[in-house]
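Scroll down for the structure; my scribbles are underneath it.
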Amino acid sequence: MRGSKTLFNDIFSESKTKKTGKGRSKEMHTARNSCLIDRYYYLGQFTKYKYEVVIGVLSQEFFLSTVTIPEIIDGCYEQLKDLKKRQPGIKYFKGKWPHLVWENFNLSLNNSSKKGKVLDSK
């Protein structure tokens, strides 16, 4: 019978492996939020984009809704205050997150950007 060994082992054998929680990795979640806050600070400090555009860019870069971004920013307010206090330059962000573009950041907007969506960031 197909799968009978699995059924037997599931019922009668003690599991020796420790079960881990499913879902998000806390470390990856924290790293994502830290990167998002750094990016938010950079876009606010080193570009001339308004709040709505910055939130739109972050939404696209991090695949999060425009409602979730401000919630994350609010939850990481201490990190943001620390950045404001230290006032790091672009070199700091380039070293910490080298996979992102930190200089000559421009938005390429097409026709659908009129609806408030930013499609391509270079």
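The table below lists the values:
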quantity	calculated
Scan of segment 70-88 for residues that are surrounded by 13 or more Cβ atoms within 10 Å (Cβ to Cβ) and closer than 17 Å to Q45 by Cβ, ordered by number	I73, C76, Q79, L80, D82, L83, P88
Any pair with Cβ under 9 angstrom, 6 or more apart, that starts in segment 92-111 at a residue that is at positive phi and ends at one that is modelled with pLDDT under 90	N104/K122
Count - residues of segment 1-54 that are under 20 Å from the mean Cα position of the chain (by Cα), of a type in the set (G, A, S) and at pLDDT below 80	1
Breaking point among (1) surrounded by fewer than 14 Cβ atoms within 10 Å (Cβ to Cβ); (2) modelled with pLDDT under 95, for V67	(2)
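The values are calculated or read from the model by the stated rules, or taken from the named source; none is laboratory data. In this text the structure is predicted, and so the values were computed from the model without any measurement. Neighbour counts run over all protein chains shown; Cβ positions are idealised from the backbone, glycine included.
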